[in-house]
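The values are calculated or read from the model by the stated rules, or taken from the named source; none is laboratory data. The structure displayed is predicted, hence computed values, not measured ones. Reconstructed Cβ throughout: ideal geometry from the backbone, glycine too, with neighbour counts over all protein chains shown. We work out accessible area using only protein heavy atoms, side chains counted, and drop any ligands, DNA or RNA first. Shrake-Rupley method; radii C 1.70, N 1.55, O 1.52, S 1.80 Å.
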Amino acid sequence: MIKICERFISDEVSKEELIHFATSVMFDDEDKYECEDEVVEEILSQWDNKLSQSKINKTSILFLKNALENLN
């Protein structure tokens, strides 16, 4: 998740790609993406939520990346 944040901050991944990734993971019928981390699930659900997508920007993703790094 930290790497995804880094890629967004460095303009390697667009906001739309970030949202598409979150949606793909949240609604994966084949369980290709097994997620057991509640924090990661919460982040993905926020990115997938139409109401919170407007808050996706470099500042918020940098804040999120820093928070994730402090969890480790």
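Report, by residue number, each residue of the range 3-27 that is assigned to a helix (DSSP H, G or I) and over 13 Å from Ile61 (Cα atoms). Those that are assigned to a helix (DSSP H, G or I) and over 13 Å from Ile61 (Cα atoms): Glu16, Glu17, His20, Phe21, Ala22, Thr23, Ser24, Val25, Met26. Selection of first residues in the range 2-26 that are more than 13 Å from Leu44 (Cα to Cα) and polar (S, T, N, Q) and of second residues that are assigned to a helix (DSSP H, G or I) and open to solvent by less than 60 Å² (accessible area, probe 1.4 Å), restricted to Cβ pairs under 9 Å at least 6 apart or on distinct chains, gives the following pairs, ordered by first then second residue: Ser14/Phe8.
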